[in-house]
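Remarks on the structure that follows.
Nothing in this text is a laboratory measurement; each read-out follows from the coordinates by a stated rule. Remember, it's a predicted structure, so these values are computed and weren't measured experimentally. All Cβ positions, glycine included, derive from the backbone under ideal geometry; neighbour counts span all protein chains shown.
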Amino acid sequence: MDQILEYEPPLNHDGEGGLVSLLGLTKAQLTEELSRFGVEQKALRMRTAQLWQWMYHRGAADFTDMTTISKDMRRELSAVYSLARPEIVSRQISEDGTRKWLLRSAPGIEYETVYIPEESRGTLCVSSQVGCTLNCTFCHTGTQKLVRNLTPYEIVAQLLIARDELEDWPEIGVGADGTRAITNIVMMGMGEPLYNFDNVKTALEIISDGDGFALSKRRITLSTAGVVPMIPKCGEEIGVLLAISLHAVRDETRDKLVPLNKKYPIAELMEACRNYPGLRNANRITFEYVMLKGVNDSLAEAKELVQLLKGIPAKVNLIPFNPWPGAQYECSDWEQIEAFAEVLMKAGYASPIRTPRGRDILAACGQLKSASEKVRASARR
Ligand code: SAH
């Protein structure tokens with residue numbers, strides 16, 4: 001069993017005051033819900049399309065805004081349903097423009113989402129679980145116990161809230177001239193998305209739907225530590241770009257960094273990558289490689305990486321290690337990272353070095369939720 005924690009999401013997340021949330025349902029589920037609500041058979045398609053547009057294309061957080069729907073119906077809908085977002089526990093803005101929101105949808109169910117603006121795009125880094133089961137030894141989220149999988153509502157709400165906060169909806173704020181603040185999504189926040197497959201799939205289906213957010217699947221990247229049996233399914237059923245947290249080229253080293261490797265060793269992982277549905281040059285797999293001084297950063301390992309990647313349309317993302325209190329690793333020296341990148345580049349692989357973003361607000365890779373946990377720990381003392 002790969003799904004370590006079985007969590008059956010409710011079809012409808014309970015919104016405020018016992019209202020049922022309409023957010024996080026697929027189109028088919030929304031239609032079903034509206035039929036239960038009493039919408040006539042012949043109006044179901046139209047009503048579903050209208051609500052969908054308001055919720056996901058225009059960002060309505062309230063039925064009263066829905067001017068294409070009669071006042072009576074708006075009142076009836078709001079007596080039963082809610083479009084409320086999770087509570088925003090904290091907002092932080094880094095000096096480099098990175099933003100981080102800590103969200104809460106139930107007691108103890110807190111998760112973070114991070115917005116990273118760049119010159120030509122804006123990326124939202126989305127969480128899939130509260131905590132994580134993988135215990136990667138260099139990752140701070142790995143030190144937090146898994147609380148549970150996030151529901152489709154909680155995953156989609158991360159995008160809704162970020163767009164609310166950035167005023168990134170058509171006709172208002174930055175969205176008014178047709179440009180978007182959020183152009184890309186990476187499932188690289190807290191948790192292992194392939195251990196929460198069904199909910200992540202539903203959420204990404206909603207997010208990529210052409211009548212709503214309409215974010216192309218080519219702009220969505222799912223990052224996995226290497227849950228091999230789920231990788232083909234991810235390509236077939238979700239169809240987004242894939243990133244692999246490789247981090248080492250030898251099983252002995254990877255066993256220590258990513259303990260999941262003991263279950264699915266490197267050779268099996270690379271085989272799954274080679275067969276990833278839809279893999280081609282335009283849809284290359286990103287291999288993430290955290291640079292740990294003296295652990296995985298030798299030039300011999302860079303050359304072994306080139307060998308491993310043979311035959312796979314790939315790029316490598318070198319991630320300078322983000323230290324956290326108590327971590328047993330150090331970041332590689334900058335010259336070493338550059339020399340490592342050079343080996344890959346010479347072999348024809350794009351290998352950008354990821355600039356650490358939002359370090360001052362602990363929004364960088366592997367640090368999510370550490371700040372709020374710390375604040376609470378100090379409050380307890
Ligand atoms: N579980 C998924 C999603 C997490 S993505 C996965 O493993 O891919 C977060 C990315 O940041 C992963 O590549 C992870 O290995 C990396 N990461 C975690 N902690 C880090 C740290 N302290 N410094 C740099 N990168 C880190």
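Brief remarks follow.
- Loop-located trypsin sites (Lys or Arg not before Pro) in the range 295-329 (DSSP state not H, G, I, E or B) with no more than 13 neighbouring Cβ atoms inside 10 Å: K310.
- Global geometry of the range 16-82, whether rounded, prolate or oblate, following the gyration tensor of its Cα atoms and the 1.5 cut on a/c: rounded
- Compared with the alpha-carbon gap, the fully stretched path from K310 to T64 is longer by 82.9 nm at 0.36 nm per residue.
- Cross-link reach list, lysines versus K293, counting only Cα pairs under 20 Å and skipping chain neighbours closer than eight places: K256, K303
- Across the range 247-260, rounded Karplus estimates of 3J(HN,Hα) from the backbone phi angles (6.51 cos²θ - 1.76 cosθ + 1.60, θ = phi - 60°) give 6, 7, 10, 10, 4, 4, 6, 5, 3, 7, 6, 10, x, 4 Hz, Gly and Pro being marked x.
- About the Cα centre, charge dipole magnitude for the chain (Lys/Arg +1, Asp/Glu -1 at Cβ), debye: 200
- Relative contact order (%) - criterion: Cα under 8 Å, at least six apart; region: the range 16-82: 40
- Helix axis angle, 71-80 relative to the chain longest principal axis, alpha carbon, degrees: 60
- Hits among lysines - C-alpha to C-alpha of K201 under 21 Å, sequence gap 8 or more where chains match: K27, K217, K233
- For the chain, calculated [θ]222 nm from helices alone, where every DSSP H run of n ≥ 4 adds -39500 (n - 2.57): -8500 deg cm²/dmol
- For a label point 7 Å along the Cα-to-beta-carbon line of D211, residues of the range 28-66 with backbone N under 14 Å: 28-35, 42-58
- Amide H contacts of F287: I244, K315, V316, N317, each under 5 Å away and 5 or more positions distant or on a separate chain (H built 1.01 Å from N in the peptide plane; Pro and chain starts excluded).
- Farthest toward the positive end of the dipole of the range 87-361, out of L124, L305, P356, is the Cα of L305, where the dipole comes from beta carbon charges about the Cα centre.
- Length-normalised contact order for the range 87-361 - Cα pairs under 8 Å, 6+ apart - percent: 15
- Length available on full extension from E119 to E167: 0.36 nm per residue minus the Cα-Cα distance, which gives 15.5 nm.
- Under the convention that each Lys and Arg Cβ holds +1 and each Asp and Glu Cβ holds -1, the size of the dipole of the range 155-227 around its Cα centre is about 360 debye.
- Relative contact order of the range 184-328, defined on C-alpha pairs under 8 angstrom at six or more residues apart (%): 21
- Rounded to whole Å, the principal axis extents of the Cα atoms in the chain read 70, 51, 45, largest first.
- One decimal place: the segment R284-A347 gains 21.1 nm when fully extended, by the rule 0.36 nm per residue minus the C-alpha distance.
- Taking a ≥ b ≥ c as the square roots of the eigenvalues of the Cα gyration tensor, an a/c ratio of 1.5 or more together with a/b larger than b/c marks the range 35-173 as prolate.
- Dipole magnitude of the range 16-82 about its Cα centre (Cβ charges: Lys, Arg +1; Asp, Glu -1), debye to nearest 20: 240
- R0 of 51 Å, Cβ-Cβ distance T355-Q50: FRET efficiency to nearest 0.05: 0.75
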